[in-house]
Structure formats: C-alpha cells, structure tokens
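The values are calculated or read from the model by the stated rules, or taken from the named source; none is laboratory data. This one's a predicted model, so the numbers in the text were calculated from it and none came from an experiment. As a convention, Cβ positions derive from the backbone with ideal geometry for all residues, glycine included, and neighbour counts pool all protein chains shown.
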Amino acid sequence: MLSLIIFIPILAAIGILIGAQARKTALCAALAQFVLSLMTFLSYDKGRGGFQFLSTSSIVPEWKLNYAVGVDGLSLVMLLLTGMVTLAAVWVTPRIEKRENLFYALLLLISAGAAGAFASTDLFFFYAFHEVALIPTFLLIALWGTGERYTAAWKITIYLGLGSFVLLIGLVDLYLAVPEPSRTFNLIELQRLAANGIIPAAAQSRPYIFLLIGFGILISLFPFHSWAPPAYASAPAPVAMLHAGVLKKFGLYGLIRVALPLLPEGAKAWANVLLVLLVGNIIYVGLVTIAQRKLDLMLGYSSVMHMGYIFLGIAALNLVGVSGAALLMFAHGLSIAALFALAGFLREKNPLLMLDSFGGLAKSAPWLGFAFGLAAFASIGLPGFANFASELTVFFGAFQPAAGLSASNFQLAMVFALWGVVISAVYMLRAYRAIFLGEPGSSVAGWVDPVKSLRWPVILLLATLLLAGFAPRVFLAYVQPSIEALLPK
C-alpha cells in the first residue's frame, strides 16, 4: 500500500507526459493517493505501535542498499498530510494556458517525492526521494510563476541545492560515525544501534550541526530563510501549497526521525544555538511580516515565522514538546495550504495582491471572507483549531525541557515565542481587515464567491483543522508512541 501511495503519482505523471488527459488523470491520482493514505491511517494498529506495513526490496546487496518503506505513527500523519494537501492542490489548480501536461506531471512528482521521503526506512532513499521533489519545484516556479519568477527560481535553486549538499555531508558523517561492522542505511536498525550507545557522545556534535544546517536551510531556519518568501510569492498557488504545506516539513521530519534519536548528545550541545536562531524566526521574521503590503509575501514570511515554534518543540527534546512540534507540522501544513489556495483565487482577479487595493470583499464574496477568516484564525492559533492545541503543547514541553538542557534559556525563548503570537495576530487580522472589511474598492467590483472547485478542497483542509483542534488526541495517539521511541532514554 505504501508503494502505491508513492508510485501512483509517478505513474500518473508518466501517463500525462505521454498524452493522458492532464487534469482528470492528476485528480484521479491525487484522490487515489489520499484514499490510500487515509486507509493506511485507519488500518494502523495503535495498540501494537512501531513500524508497520514494512516492505523491502534489495537494490545493491553489496552496499546493503535497499528500497525499504514502512510507517510508524509520525510518518503516518505526515503521509496523511501529503495526501490531503496534494488532493487540494490539484483540485484548486486553475486553467493552465501553456504546457498543461508538464505542469500537472511536475506537481505529482513533488507529491510522490514527499510521500517517498516520509515512508522510507532507508537513509539513502529518504534523501533521494526529497531530491526528486525539489527539481519540479524549481521548474514550476520558473515556467508558471508570477512576478520576479526567474530570480525566485534561481534563489530557491541555489539555497536548497546548498542545503541538500550540506545535508548530504551530515548524513555521510553520521554513517561513518557508526563503527564499520554495524554500518547500515536502515533507519530502524540505526535507531536500535544508537539506543545501545554505538555512536559515542564525543562523535555526535559534528554530524548534528551539519544536519541542523542542512535541514535548517530546507526548512527556512533563520538566517537561511530569505529564499522562501519570494519563492512562495512567485509560485503558482498549488506549488506554494505543496511546498510550504508538505515538502518543507521534510526537514523538520528529518530532525525528529534522524538527528534526535541518533545524535541526542549533539542535539543537546547545539540546543542554545538553535534557541537563538528560532527566536530569529519568530521575532525578526515576524516583524518583517508585519511590514509586508502584499498578501503573497505576507503569507510567505508568515510560513517562515511559524517554523520557529516547531523548532522550539523539537529543541526541548521531551515527549510533550516534540509531540507538539509534530502536531504543529500537520496543522501548519493544512492552514498555510488553505491560505495559499484562497490567495491564488484572489490573484486571478487582482494579480498584484496589494492589501490596500482590496476592501469590503466580504459583502460581495461572503463565503470567501468566511473561509479566509477561519484559515487566518487557525494560523494565529485561535482555540478550536489544531494550531492552538499544538502550539500550547509546544509551550508546555519547552517550559521544562529534557535533562541536560537549560530550563531558564528555554523559558526566555518562550517569552519571545509568546510575543510572536501577538505579532502573528497583528499582521493576519490587519490583512483580513484590509481585504474583506470596510467599503469595497474599485478593484473588487463585481467579485463573486469562488466555484466549487475551490470551495470543497478548502473545506476539506479547514474541517480537518477543526477536527484536530477539538480532538487533538486522535492524532497524538498516533504520534506520541513513535516520538517516545525516538527520544533518548
């Protein structure tokens, strides 16, 4: 089933490239991927826990290189996020005027790469699948983007290429840190070996900082964040949904899956540095977000800012904090995807997306105003949405971090993080007021609510946010046992 989730989009992309009807094929593939992800989620035995649905095929026996997939609760939730956002992104895609087949094929390849990375239990394919997803991102921005699309495409290419290279160095260094007879690419086996102390504490600091920088560039950790806002502002809405909502979570997932269980002492050694950087994400980037006057750039910077909260939960190195970070990855993926979907509709009518060029849109498009309001409230962490439950869990975890970490430093970082909540409320509510309240501007005359092709996917994302907000235990019941197994004892 996991291989189907990964390879159905790839097969559909090949079919589209050789002549299949692009939109229908892509929509069917995205729907199949989502249904299979949901079936896997519902079929997972929480009582047994651990990795399930395991499948292995030998690729290069001499190198112990295997195509190996499997899911525990953490990767299962990320696969569900991938399926849901992929379906929404394909569904909301407007009419493509040029090279439609190539557009949909590349979109599906991003989804396949993300799903493959989340489902892989082999370190080589974990990295390789992510690289498969990056290449289509560059092409989609350069060929179908808006504004300064070529500049944005080159910038994201250089930054993420550098991040991938640094990450590769870290993974190789980690592989070599394991003594010769025990070296393997198998993540499950590596986790077992690390739990038995096979990687000395003194050898953990160097590979961890390489992994932190490599994953950090991919995640847009301050000060490596400047590629993300212009890339999202220039990208077509479905591409921004998939990258900000799903693919950027690969780096966060990698820190939890690889860095924390295999290099726990390295994580503790660099925890204070990470605290400084994540405060930069929350405060500095938050203030830059307030200064934005274009909706797409504001959403791009907002996405970067909220990565700071997830880093805070991961840095705490305890069950509560890391579980909250994992739930926030899921919640942020849904909320930012919904916001970019709605911004894409607004861009069709008003390409510049200047906030002061709207006004009073709620009168002529009440559903749009209601949906954007819900997505905005979710983003700023209003109670009732998954973002609130997850951020609160992160704060509880960070208040009392794991042994060996400075509680006072984490509590100081929490003070800045709480101010970040205020900052996010300021820029998001100001944007909502500018677009939907007041007297209608001349640029919104004659606007009507979007058609069902936009409504239903946004409803899917928002309904899931509400479900996870009112019943976070539904998702934490999957995530927490997996996190507990990954954290150092």
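Since residue 92 meets every condition but one in (1) more than 19 Å from residue 35 (Cβ to Cβ); (2) in contact with a helix residue (DSSP H, G or I) (Cβ under 7 Å, 6 or more places away or on another chain), which condition does it not meet?
(1)
Rundown of residues vs (1) of a type in the set (Phe, Trp, Tyr); (2) surrounded by fewer than 20 Cβ atoms within 10 Å (Cβ to Cβ), yes/no style:
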residue: 364; (1), (2): no, yes
residue: 377; (1), (2): yes, no
residue: 398; (1), (2): no, no
residue: 411; (1), (2): no, yes
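Which of (1) in contact with a Gly (Cβ under 7 Å, 6 or more places away or on another chain); (2) surrounded by fewer than 19 Cβ atoms within 10 Å (Cβ to Cβ); (3) among the acidic types (Asp, Glu) does residue 72 not meet, given it meets every other one?
Only one criterion is unmet by residue 72, namely (2).
Residue by residue through segment 170-185, note down the ones that are buried (at least 16 other Cβ atoms within 10 Å of the Cβ) and aliphatic (A, V, I, L, M).
Across segment 170-185, the qualifying residues are 171, 174, 177, 178.
Given (1) touching a Leu at 6+ places or on another chain (Cβ under 8 Å); (2) closer than 25 Å to residue 61 by Cα; (3) not hydrophobic (A, V, I, L, M, F, W, C), where does residue 214 come up short, assuming only one miss?
(2)
From 26, 32, grab the single residue that is under 22 Å from residue 333 (Cβ atoms), small (Gly, Ala, Ser) and without any contact (Cβ under 8 Å) to a residue 60 or more places away in the chain.
Answer to the check: 32.
List every residue pair whose Cβ atoms lie under 9 Å apart, where the two residues are 6 or more positions apart in sequence or sit on different chains, the first residue falls within segment 174-193 and is on the phi > 0 side of the Ramachandran plot, and the second residue, located anywhere, is buried (at least 18 other Cβ atoms within 10 Å of the Cβ) and not in a helix (DSSP H, G or I).
Note: no pairs meet the criteria.
Are any residues in segment 353-362 exposed (fewer than 15 other Cβ atoms within 10 Å of the Cβ) and touching a strand residue (DSSP E or B) at 6+ places or on another chain (Cβ under 7 Å), and if so, which ones?
Of everything in segment 353-362, just one residue is exposed (fewer than 15 other Cβ atoms within 10 Å of the Cβ) and touching a strand residue (DSSP E or B) at 6+ places or on another chain (Cβ under 7 Å), namely 354.
In segment 190-204, which residue that is more than 26 Å from the chain's Cα centre (by Cα) and assigned to a helix (DSSP H, G or I) is modelled with the lowest pLDDT?
For segment 190-204, the residue satisfying everything is 195.
Say whether the condition of being modelled with pLDDT of 90 or more and either more than 19 Å from residue 458 (Cα to Cα) or in a loop (DSSP other than H, G, I, E, B) (or both) is met by at least one residue in segment 84-91.
No, every residue in segment 84-91 fails to be modelled with pLDDT of 90 or more and either more than 19 Å from residue 458 (Cα to Cα) or in a loop (DSSP other than H, G, I, E, B) (or both).
What's the number of the only condition in (1) out of contact with any Leu (no Cβ under 7 Å at 6 or more places or on another chain); (2) assigned to a helix (DSSP H, G or I); (3) over 22 Å from residue 424 (Cα atoms); (4) not β-branched (Val, Ile, Thr) that residue 351 fails to meet?
It fails just one condition, (2).
Report those helices (runs of 4 or more DSSP H) wholly inside segment 212-319 carrying at least 2 residues which are of a type in the set (Ser, Thr, Tyr).
The helices (runs of 4 or more DSSP H) meeting that bar are 228-234, 295-315.
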